[in-house]
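Undergrad: I'd like to ask some things about the structure below.
The values are calculated or read from the model by the stated rules, or taken from the named source; none is laboratory data. Keep in mind the model is a prediction, meaning the values are calculated, not measured. Cβ sites come from the backbone with ideal geometry, for glycine too, and all protein chains shown count toward neighbours.
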Amino acid sequence: MNPSHHRRPGLSRALYEEIRARMADGTYAVGAPMPSTRALAAERGLSRATVTLVYEQLAADGFIETRPGAASRVASGAAATVNSPRSVPVAAMPAHLARPLSAVGQRIAALGLATPSPKEGEQDIDFVYGPLSGGDFPTLAWMNALRAVERQRSNRLEYDDPRGSIALRTALQAHLSRARGLACSAEQIVIVSGSQQALDLCARLFVDPGDPVVVENPGYRMAHHAFEAYGARLRFLGIDEHGAVTDGLESLGLAKLAYVTPTHQFPLGGFLPIGRRRQLLDWAVRSKAWVVEDDYDSEYRYAVRPEATLLSLDAHGCVVHVGTFSKTLSPQLRLGYMVLPPALVEPFAAAKRVTDRHAATGVQRALALLLEDGSYDRHVRRMRRLQQARQVALLQALQRHLGAKAQVQGAASGLHVVVWLPSLPASAEPLLVAAAQRRGVRIHPLSPLFHPQAPDRALPRPCGLVMGYALLQPEVIAKGVERLAQAVREVEQA
């Protein structure tokens with residue numbers, strides 16, 4: 001910076017330093033146009049002459065490039081030369097500037113949940129569970145529904161019911177009655193931003209610090225985290241080929257709630273038999289416990305209709321039913337729902353209002369139209385055929401390339417299977433992940449889905465993989481399994 005910069009008034013210096021900081025953190029990226037001097041002056045309440053002076057100094061110092069008749073742009077290398085206090089890592093801040101988090105905040109920070117990095121454009125064959133193929137989205141039907149919603153836009157733009165759009169709740173009630181045999185009223189339904197928000201609401205309204213909460217192990221770790229964040233002490237139900245082993249409930253003692261995936265246990269895929277379902281509900285009544293039923297992918301039952309929901313069997317108002325559209329439409333829509341016992345509707349509606357007022361109304365109304373005109377049901381039938389074809393491709397490829405070396409569990413439904421490799425111990429999972437990665441294949445081991453504090457986590461077991469197939473086409477699945485088999489042979493011989 002030249003000496004004249006230090007003599008500029010405080011306002012121009014502050015703006016100069018702020019723009020440099022925004023270059024450092026990437027807000028103003030290299031080559032990006034800068035706001036016009038007129039626009040920035042109006043936004044900041046400064047004179048245009050002050051902003052012009054700042055831009056001239058930035059240009060003189062090599063941070064922006066100016067051309068007559070064109071917008072000023074951030075110069076190449078500007079970010080690397082900026083040394084802004086705002087770019088200092090949090091960990092490097094002086095201790096006296098630190099501020100304590102709340103107890104909930106400290107528990108969440110201790111979970112160590114890393115923000116996932118974008119994977120757009122990666123060429124690896126990824127057998128991840130969760131993402132769907134963009135080509136499967138019903139784009140035409142969805143855009144038609146959005147256009148219809150825009151044509152119906154009200155003159156009065158206001159906050160909506162925290163429970164969600166009444167049109168969507170009414171259409172969803174009819175859909176759940178048809179598809180799941182679930183008898184409820186639209187008043188019992190609350191629309192949420194995906195099932196994870198539903199779990200957070202359950203944890204917030206049901207769990208006090210120190211309360212026991214029963215969960216499946218292995219199980220859905222993001223559910224575990226939701227309860228742990230509010231101070232729950234987790235107690236673990238073992239899993240067999242039929243799902244949660246409910247005979248173990250009595251030995252766990254009293255609990256505030258139990259979280260289960262009875263229609264398709266995550267990740268092992270079992271279907272909880274009717275006897276175990278009744279045993280779970282009887283325990284809940286005796287224990288005065290809530291049961292949270294996560295019905296996350298019941299649309300993908302390939303052989304027979306799904307079992308009756310726990311909510312359908314509940315005669316005492318203790319079951320909260322959670323569902324999502326992330327597995328049929330897109331996880332990016334952030335749309336899920338809860339079906340609540342009548343006594344819980346008002347508390348959950350109030351908690352939803354405190355959290356985010358309500359889910360985005362436009363997408364709710366668009367989804368309501370798809371449910372009402374049958375487009376959603378047709379889409380689900382199409383998706384079921386596509387996903388079953390992908391699963392068949394995966395099973396055939398596993399048989400062809402690994403044969404008896406691979407044992408598949410949980411193939412009756414869903415968007416993933418668990419593949420056991422008896423020739424390798426669980427401790428070999430990291431080696432197998434690395435060997436597959438070198439061949440351009442991403443696989444996902446089972447071990448992280450066992451809670452680290454569960455007493456049976458260290459019991460000997462074979463190497464296990466959770467293999468999702470919803471993101472991949474059949475020919476890509478076959479190629480990925482062939483490479484996986486090569487990786488298995490490499491680790492076996494190591």
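Undergrad: If we keep just the residues of the stretch 7-22 that are without any contact (Cβ under 8 Å) to a residue 12 or more places away in the chain and either surrounded by 14 or more Cβ atoms within 10 Å (Cβ to Cβ) or in a helix (DSSP H, G or I) (or both), which is farthest from the chain's Cα centre (by Cα)?
TA: As a first pass, look at the stretch 7-22 and keep what is without any contact (Cβ under 8 Å) to a residue 12 or more places away in the chain: 7, 10, 13-14, 18, 22.
Right, trim to either surrounded by 14 or more Cβ atoms within 10 Å (Cβ to Cβ) or in a helix (DSSP H, G or I) (or both) and you get 10, 13-14, 18, 22.
Numbers: Gly10: 46, Arg13: 43, Ala14: 40, Glu18: 35, Arg22: 30 Å.
Once the filter is applied, the top-ranked residue is Gly10.
Undergrad: May I ask you to verify whether Ala70 is over 35 Å from the mean Cα position of the chain (by Cα) and at pLDDT 65 or above? If you could, list the steps in order and put the result at the bottom.
TA: Numbers: over 35 Å from the mean Cα position of the chain (by Cα): yes; at pLDDT 65 or above: yes.
Judged against the criteria, Ala70 is a match.
Undergrad: Residue under question is Tyr302, and the condition is that it be surrounded by fewer than 19 Cβ atoms within 10 Å (Cβ to Cβ) and among the hydroxyl-bearing types (Ser, Thr, Tyr); does it hold?
TA: Details: surrounded by fewer than 19 Cβ atoms within 10 Å (Cβ to Cβ): yes; among the hydroxyl-bearing types (Ser, Thr, Tyr): yes.
Taking the combined requirement at face value, the residue satisfies it.
Undergrad: Moving on to the next point. Hey, His358 hits all of (1) in contact with an Asp or Glu (Cβ under 6 Å, 6 or more places away or on another chain); (2) of a type outside the set (Gly, Ala, Ser); (3) within 30 Å of Tyr469 (Cβ to Cβ) but one; which does it fall short on?
TA: (3)
Undergrad: Give the residues of the stretch 119-172 that are among the polar types (S, T, N, Q) and in contact with a helix residue (DSSP H, G or I) (Cβ under 9 Å, 6 or more places away or on another chain), sorted by residue number.
TA: Initial filter on the stretch 119-172 (among the polar types (S, T, N, Q)): 123, 133, 139, 144, 152, 154-155, 165, 170.
The answer is Ser133, Asn144, Gln152, Ser165, Thr170.
Undergrad: Test Arg438 against the criterion of being at pLDDT 95 or above, closer than 21 Å to Asp297 by Cα, more than 22 Å from the chain's Cα centre (by Cα) and of a type in the set (Lys, Arg), and give yes or no.
TA: Values: at pLDDT 95 or above: yes; closer than 21 Å to Asp297 by Cα: no; more than 22 Å from the chain's Cα centre (by Cα): yes; of a type in the set (Lys, Arg): yes.
Here the answer is no, as Arg438 does not meet what is asked.
Undergrad: If you take the residues of the stretch 114-153 that are at pLDDT below 85 and not polar (S, T, N, Q), which of them is nearest to Pro209 (Cα to Cα)?
TA: Applying the first criterion (at pLDDT below 85) to the stretch 114-153 yields 114-123, 153.
Subsequent filtering for residues that are not polar (S, T, N, Q) retains 114, 116, 118-122, 153.
Values: Ala114: 24, Pro116: 28, Pro118: 35, Lys119: 37, Glu120: 39, Gly121: 43, Glu122: 42, Arg153: 44 Å.
Only one residue fits best here, namely Ala114.
Undergrad: Can I ask one more? Among the residues of the stretch 13-21, is there at least one that is out of contact with any Gly (no Cβ under 9 Å at 6 or more places or on another chain), acidic (Asp, Glu), at pLDDT 85 or above and closer than 30 Å to Ala109 by Cα? I'd like the intermediate steps shown before the answer.
TA: Let us first name the residues in the stretch 13-21 that are out of contact with any Gly (no Cβ under 9 Å at 6 or more places or on another chain), namely 13-21.
Retained after the next criterion (residues that are acidic (Asp, Glu)): 17-18.
Next cut, at pLDDT 85 or above only: 17-18.
Within this subset, residues satisfying the condition of being closer than 30 Å to Ala109 by Cα are 18.
Checked the stretch 13-21: at least one residue is out of contact with any Gly (no Cβ under 9 Å at 6 or more places or on another chain), acidic (Asp, Glu), at pLDDT 85 or above and closer than 30 Å to Ala109 by Cα.
Undergrad: Going by what's in this entry, would Ser193 be described as among the small types (Gly, Ala, Ser), assigned by TED's automatic domain parsing to the domain that holds Lys288 and out of contact with any strand residue (DSSP E or B) (no Cβ under 9 Å at 6 or more places or on another chain)? Even if it seems obvious, please write down each step before you answer.
TA: Working: among the small types (Gly, Ala, Ser): yes; assigned by TED's automatic domain parsing to the domain that holds Lys288: yes; out of contact with any strand residue (DSSP E or B) (no Cβ under 9 Å at 6 or more places or on another chain): no.
In short, no.
Undergrad: Do any residues in the stretch 215-235 that are at positive phi and in contact (Cβ under 8 Å) with a residue 12 or more places away in the chain have Cβ atoms under 8 Å from those of residues that are of a type in the set (A, V, I, L, M, F, W, C) and outside any helix (DSSP H, G or I), where the two are at least six apart or on different chains, and which pairs are they?
TA: What qualifies is Gly231/Val207.
Undergrad: Counting only residues that are over 30 Å from Ala141 (Cα atoms), surrounded by fewer than 17 Cβ atoms within 10 Å (Cβ to Cβ) and either small (Gly, Ala, Ser) or without any contact (Cβ under 8 Å) to a residue 24 or more places away in the chain (or both), how many does the stretch 378-399 have?
TA: Taking the stretch 378-399 first, the residues over 30 Å from Ala141 (Cα atoms) are 395-399.
Narrowing further to those that are surrounded by fewer than 17 Cβ atoms within 10 Å (Cβ to Cβ): 396, 399.
Subsequent filtering for residues that are either small (Gly, Ala, Ser) or without any contact (Cβ under 8 Å) to a residue 24 or more places away in the chain (or both) retains 399.
Going through the stretch 378-399 one residue at a time, the tally reaches 1.
Undergrad: Conditions: (1) of a type outside the set (S, T, N, Q); (2) farther than 27 Å from Gly248 by Cα; (3) assigned to a loop (DSSP other than H, G, I, E, B). Asp456 meets all but one. Number of the miss?
TA: Answer for Asp456: the failing condition is (2).
Undergrad: Still on this structure, I have one more. Can you name the residue in the stretch 167-181 that is modelled with pLDDT of 95 or more, more than 25 Å from the chain's Cα centre (by Cα) and not hydroxyl-bearing (Ser, Thr, Tyr) and, of all such residues, is surrounded by the most Cβ atoms within 10 Å (Cβ to Cβ)?
TA: Selected residue: Ala167.
Undergrad: May I pose another question? Only residues that are buried (at least 19 other Cβ atoms within 10 Å of the Cβ) and at pLDDT 95 or above: list them for the stretch 402-419, please.
TA: Answer for the stretch 402-419, where residues must be buried (at least 19 other Cβ atoms within 10 Å of the Cβ) and at pLDDT 95 or above: Leu402, Ala406, Leu415, His416, Val417, Val418, Val419.
Undergrad: Also, I was wondering about something else. Identify, by number, the condition in (1) at pLDDT 95 or above; (2) more than 17 Å from Leu172 (Cβ to Cβ); (3) not small (Gly, Ala, Ser) that Tyr302 doesn't meet.
TA: Every condition holds for Tyr302 apart from (1).
Undergrad: Right, another one. What are the residues in the stretch 79-111 that are assigned to a loop (DSSP other than H, G, I, E, B) and either at pLDDT below 80 or of a type in the set (A, V, I, L, M, F, W, C) (or both), if any? Give the derivation first.
TA: Pass one, the stretch 79-111, residues assigned to a loop (DSSP other than H, G, I, E, B): 82-84, 88-89, 93-94, 98-102, 111.
Listed by number, the residues that qualify are Val82, Asn83, Ser84, Val88, Pro89, Met93, Pro94, Ala98, Arg99, Leu101, Leu111.
Undergrad: Scan the stretch 23-78 for residues that are surrounded by 15 or more Cβ atoms within 10 Å (Cβ to Cβ), in a loop (DSSP other than H, G, I, E, B) and free of Cβ contacts under 8 Å to residues at least 40 places away in the same chain and report the count.
TA: Total satisfying the criteria: 3.
Undergrad: Could I ask something else about it? Can you name the condition, by its number, that Val481 falls short on among (1) in a loop (DSSP other than H, G, I, E, B); (2) within 13 Å of Asp126 (Cα to Cα)?
TA: That leaves (1) as the condition not met.
Undergrad: Right, here's the next one. What residue, of Val215, Val291, is under 21 Å from the mean Cα position of the chain (by Cα), buried (at least 20 other Cβ atoms within 10 Å of the Cβ) and more than 18 Å from Gly105 (Cα to Cα)? Quick ask: steps written out before the conclusion?
TA: Numbers: Val291 fails: under 21 Å from the mean Cα position of the chain (by Cα).
Going through Val215, Val291 in turn, just one is under 21 Å from the mean Cα position of the chain (by Cα), buried (at least 20 other Cβ atoms within 10 Å of the Cβ) and more than 18 Å from Gly105 (Cα to Cα): Val215.
Undergrad: With the requirement that a residue be surrounded by 13 or more Cβ atoms within 10 Å (Cβ to Cβ) and in a helix (DSSP H, G or I), what does the stretch 435-447 give you? So that I can check it myself, show each step before the final result.
TA: Just the residues of the stretch 435-447 that are surrounded by 13 or more Cβ atoms within 10 Å (Cβ to Cβ), to begin with: 435-437, 439-447.
Across the stretch 435-447, the qualifying residues are Ala435, Ala436, Gln437, Ser447.
Undergrad: Just to check your reading of the model, which residue among Pro422, Pro474, Pro460, Pro430 is under 21 Å from Phe236 (Cα atoms) and surrounded by fewer than 18 Cβ atoms within 10 Å (Cβ to Cβ)? Can you show your working first?
TA: Working: Pro422 fails: under 21 Å from Phe236 (Cα atoms); Pro474 fails: under 21 Å from Phe236 (Cα atoms); Pro430 fails: under 21 Å from Phe236 (Cα atoms).
Every option except Pro460 fails the conditions.
Undergrad: Return the residues of the stretch 291-349 that are more than 27 Å from Gln387 (Cβ to Cβ), touching a residue at least 12 places away in the same chain (Cβ under 8 Å) and not hydrophobic (A, V, I, L, M, F, W, C); say none if nothing qualifies.
TA: Asp314, His316, Gly317, Pro341, Pro342, Pro347
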